[in-house]
Each structure stands twice: as structure tokens, then as C-alpha cells.
1. From the phi of every residue in the range 32-44, what ³J(HN,Hα) in whole Hz does the Karplus formula 6.51 cos²θ - 1.76 cosθ + 1.60 yield, where θ is phi - 60° and glycine or proline is x?
2. Give me a comma-separated list of calculated 3J(HN,Hα) values for the range 63-69, in order, Karplus coefficients 6.51, -1.76, 1.60 applied at θ = phi - 60°, integers in Hz, x for any Gly or Pro.
3. Please report, as a whole percent, how much of the solvent-accessible surface of the range 23-64 comes from carbon and sulfur atoms (probe radius 1.4 Å).
4. With every protein chain kept in place and ligands, DNA and RNA left out, what is the accessible area per residue of the chain? Probe 1.4 Å, answer in Å².
5. Hey, what angle do you get for helix 4-27 against the long axis of the chain, alpha-carbon based, 0 to 90 degrees rounded to 10?
6. Tell me the mean residue ellipticity at 222 nm calculated for the chain from its helices only (DSSP H runs of n ≥ 4, each -39500 (n - 2.57), averaged over every residue, nearest 500).
7. Can you give me the Kirkwood hydrodynamic radius for the range 1-42, using every pair of distinct Cα atoms, in Å to one decimal?
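The values are calculated or read from the model by the stated rules, or taken from the named source; none is laboratory data. Note that the structure is predicted; figures quoted are calculated from it, not measured. The protein model used for the area step is the full one, side chains on, heavy atoms only, and it has no ligands, DNA or RNA in it. Shrake-Rupley method; radii C 1.70, N 1.55, O 1.52, S 1.80 Å.
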Amino acid sequence: MVDRKNLDLIYKQNLEESIIRYLADVKNVELRQAMDLYYKSKLARQIESGMYGIENMDYKYLVQDLIDNEPELFR
């Protein structure tokens with residue numbers, strides 16, 4: 001049986017995987033680079049800490065938010 005804490009962890013891991021894959025597609029970069037960009041972002045910290053319930057948003061929206069609000073990552 002999976003408890004709530006483990007379920008939340010699995011959900012966040014799947015969300016992060018979707019974000020990284022979609023970021024790689026949108027920015028036309030390799031998965032390793034997309035992973036590096038994501039884990040350097042404020043978004044990654046917000047998802048990890050569960051700030052604002054942001055982890056419940058769609059991964060495509062979150063990628064667009066990352067691109068729009070953290071342009072310094074892509075320079």
C-alpha cells in the first residue's frame with residue numbers, strides 16, 4: 001500500500017520528468033541540458049517545497065512559466 005507521502009513524492013518525480021522532457025523539446029536541447037536548466041531554476045525549488053500548490057499545475061504551463069519568468073537560465 002502506498003501512503004500519501006510516497007504518492008506525493010512519486011507525483012512530483014513524474015511531474016519533474018515531464019517538465020524536463022517538454023523543456024528539452026520546446027528549447028530544442030538535450031535532456032541533460034534541460035535537466036541542468038530545470039534543477040537550477042526557482043521553479044524546481046518551488047515544486048520541491050510545494051510552494052503555492054504549484055506542483056498541481058500542468059507541466060506544459062510550468063515550462064512556459066519557467067521560460068517567461070527565468071530568461072537568465074537560457075542565455
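1. Ordered by residue, 3J(HN,Hα) equals 4, 5, 4, 5, 4, 4, 4, 6, 8, 7, 5, 4, 4 Hz.
2. For the range 63-69, the Karplus-derived couplings read 5, 4, 4, 4, 5, 6, 9 Hz, x marking Gly and Pro.
3. Using a 1.4 Å probe with all protein chains present, the range 23-64 comes out at 48 percent carbon and sulfur.
4. Here the per-residue accessible area is 73 Å².
5. Approximately 20 degrees, to the nearest 10.
6. It lands at -22500 deg cm²/dmol.
7. With all distinct Cα pairs of the range 1-42 included, I get 11.1 Å.
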